Amino acid sequence: MSRQKLRKIYVLLLAAAMIVSFMGCGNSNKKSNKTMRVGVVTYTADDPFINAMVEKVKSNLKTMETTNMNVIVSVRSGDNDQREQDEIVDEMIDAGCDVLCVNLVDRTAPANIIKSARQSDIPVIFFNREPVRDDLMQWEKLYYVGCDAKESGDMQGEIAASYIKKHSEVDRNGDGKIQYVLLEGEAGHQDAISRTDCSVKTIMEGGVELEKLSYQFADWNRGQAENRMTQLISHYGSQIELVISNNDEMALGAVEAYDNSSISRDKWPVIFGIDGLDDALQAIKQGNMQGTVYNDKEAQAGEIARLAVDLFKGNSLDGHNLDEGKYYVSPYWKVDVDSVDDFLHR
């Protein structure tokens, strides 16, 4: 059997399973006043931060069940393919979804999702990957929950600059400049561009002179980052004094690359990430990373759950304090060795 036929069978089986899940105790073609069906579609199944946020959304929705309302949540991944994500959204709508929560594969291409949702009058909460403003303004039932990528880059730069100025030993060769490499999330991605530009600019504005050795794309992925850093270590040896990473997963990949290298621990660079993953917080506590910026997945997941319930019930959204009636933007938090215990196991 061809790969294409196998894929079609696989998609049909997944769609059937989802429809059964959404049907719950009744007919999916007739919405029950006691059942809220939430469809969550992520850009990939391999992003630990997104997965952790989705689990928080699910647990929050579970706590909001009452004797008058139960909640059924179906979670699917777009597998880094916008067309596939569009098809999954259509399947969820056909299965009787009441609210959609979408983490876009391509933030510039939500048109098909918006069109399908609008035709069926199903509100959409986009999260983590912010659609272009013009797209979000197309319809009154489109929302965004996330953070300001520029703020995270600024904070990462502030943490790094402060650390370097307090620890002269970071400049191991004593040339007055910090030789650095940067692990960038994804070519053309809004968050990657903002985090990269703002972090480097803020470090320099903090009085630290930088010398770029290399930029490497690692698609937000720990394994790819480890491979990139292994290559950089092979080329530059102990010349690298600073690693700036667009997220914690890639920063942890850098840690693993150094852990598996012949570079002695006292010649490791300082490493900074963004997101506040548990593994990164532990790495900071152990001294393998020096800082991160906490992306408040708890606050965002809580808002997604509350917003979904109020949209389902037709309640007023005044209490959500949405900017322009559309945007919920949670703050970031700086994390270093002095504050890491405040964020562990949140």
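The values are calculated or read from the model by the stated rules, or taken from the named source; none is laboratory data. As the structure is a computational prediction, the values presented were derived from the model and not from experiment. Using ideal geometry, Cβ is built from the backbone for each residue, glycine included, and neighbour counts are taken over all protein chains shown. SASA here: full protein model, heavy atoms, side chains in, ligands and nucleic acids out. Shrake-Rupley method; radii C 1.70, N 1.55, O 1.52, S 1.80 Å.
Centroid-to-centroid, using Cα positions, region 61-105 and region 182-242 are 34 Å apart. Using alpha carbons only, what's the Rg to Rh ratio of region 222-268 with Rh from Kirkwood? My calculation of the ratio gives 0.92. Computed with the Debye formula from one identical point scatterer per Cα of region 61-108, without solvent, the log10 of I(q)/I(0) at q = 0.32, 0.33 Å⁻¹ comes to -1.25, -1.29. Rolling a 1.4 Å probe across the protein heavy atoms gives region 167-251 an accessible surface of 42 Å² per residue. Working note: Debye formula, equal point scatterers on the alpha-carbon atoms of region 215-331, no solvent; log10 I(q)/I(0) at q = 0.11, 0.16, 0.18, 0.19 Å⁻¹ is -0.48, -0.74, -0.84, -0.90.
Using packing as a proxy for protection, rank 241-249, 190-198, 84-92 so that the peptide with the highest average count of other Cβ atoms within 10 Å comes first.
241-249, 84-92, 190-198
Using Cβ point charges alone (K and R +1, D and E -1), the dipole size of the chain about the Cα centre works out to roughly 1180 debye. When the solvent-accessible area of the chain is split by element, carbon and sulfur atoms take up 46 percent of it, the probe being 1.4 Å. The lysines within cross-link reach of K141, meaning a Cα-to-Cα straight distance under 22 Å and a gap of 8 or more places when in the same chain, are K30, K31, K34, K58, K115, K313, K326.
If you look at the Cα atoms of region 166-265, you get an Rg and a Dmax of 13.2, 36 Å. When we measure straight from the Cα of K201, which lysines land under 16 angstrom away, once same-chain ones fewer than 8 places off are left out? Filter leaves K150, K165, K177, K212. Only Cα sites of region 60-202 enter the Debye sum here, all with the same form factor; the resulting log10 I(q)/I(0) across q = 0.16, 0.18 1/Å is -0.91, -1.05, listed in q order.
Tell me, what are the semi-axes, in whole angstrom and largest first, of the equivalent ellipsoid of the chain as set by the roots of 5 times the Cα gyration tensor eigenvalues? Numbers along the way, then the final one.
Details: eigenvalues 333, 92, 60 Å².
Three semi-axes, in Å: 41, 21, 17.
Looking at the chain, what % of its DSSP beta bridges pair antiparallel, to the nearest 5? Roughly 15 percent of the DSSP beta bridges within the chain come out antiparallel.
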